[in-house]
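Undergrad: Before we start, here is the structure in question, set down as structure tokens.
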Amino acid sequence: MYSKQEASQLRQEFWTAFGQYMSPVLSGEGEKINWINYKTGEKDIYFRMNADNKKASIGIELTHKDADIQALYFEQFKQLKSLLQNALPGKWTWLLHARNEQGKTISRIYTEIENVSIFKKDDWPQLISFFKPRIMALDEFWSTAKYVFEAMR
């Protein structure tokens, strides 16, 4: 078991290592990008990567305060589902309403792997191999799809 400080340090070490690993990789539009803190450019649409002591996940989170607008965004993603599935490897889960760690209602489109731990350095290559192609695929998808959401502003 790790102390809170040790756990925090290991998380920071992993994300720093992942960031350094991804640093030379350019976005789908050929630009330098911060992969860990990916900016979609749209308020309330986020690409999130998470890892803990049991699993890792990556996905799209819709966090608009207005449930109707959040549902509208989710519906728009459903309209783009074939484009999304063509870009993203594996099976993705679609949840119109879920609760995040703060108890806020969000919508999520995500995939995850189990039996990996951010606290085991031996698992880091597996975590990187999970995150890298998926965040790059999300970026590629977003380079086409973002214009639909810009029109919704």
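Undergrad: Among the listed residues 101, 114, 61, identify the single one that is over 18 Å from residue 15 (Cα atoms), surrounded by 15 or more Cβ atoms within 10 Å (Cβ to Cβ) and within 17 Å of the chain's Cα centre (by Cα).
TA: Details: 101 fails: surrounded by 15 or more Cβ atoms within 10 Å (Cβ to Cβ); 114 fails: surrounded by 15 or more Cβ atoms within 10 Å (Cβ to Cβ).
Answer to the check: 61.
Undergrad: For the range 49-75, how many residues meet the condition of being farther than 18 Å from residue 139 by Cβ, in contact with a Phe, Trp or Tyr (Cβ under 7 Å, 6 or more places away or on another chain) and among the β-branched types (Val, Ile, Thr)?
TA: Count: 1.
Undergrad: Hey, another quick one. What are the pairs with Cβ atoms under 6 angstrom where one residue, in the range 125-138, is without any contact (Cβ under 8 Å) to a residue 40 or more places away in the chain and the other, located anywhere, is of a type in the set (A, V, I, L, M, F, W, C)? Sequence gap at least six, or different chains.
TA: Every condition considered, the pairs that remain are 126/116.
Undergrad: Shifting gears a bit: Which is surrounded by fewer than 15 Cβ atoms within 10 Å (Cβ to Cβ) and of a type in the set (S, T, N, Q), of 107, 82?
TA: Values: 107 fails: surrounded by fewer than 15 Cβ atoms within 10 Å (Cβ to Cβ).
On inspection, the qualifying residue turns out to be 82.
Read-outs: derived from the displayed coordinates by stated rules, not from any lab. All of these numbers come straight from a predicted model, not from anything done at the bench. Note: ideal-geometry Cβ built from the backbone for every residue, glycine included; neighbour counts use all protein chains shown.
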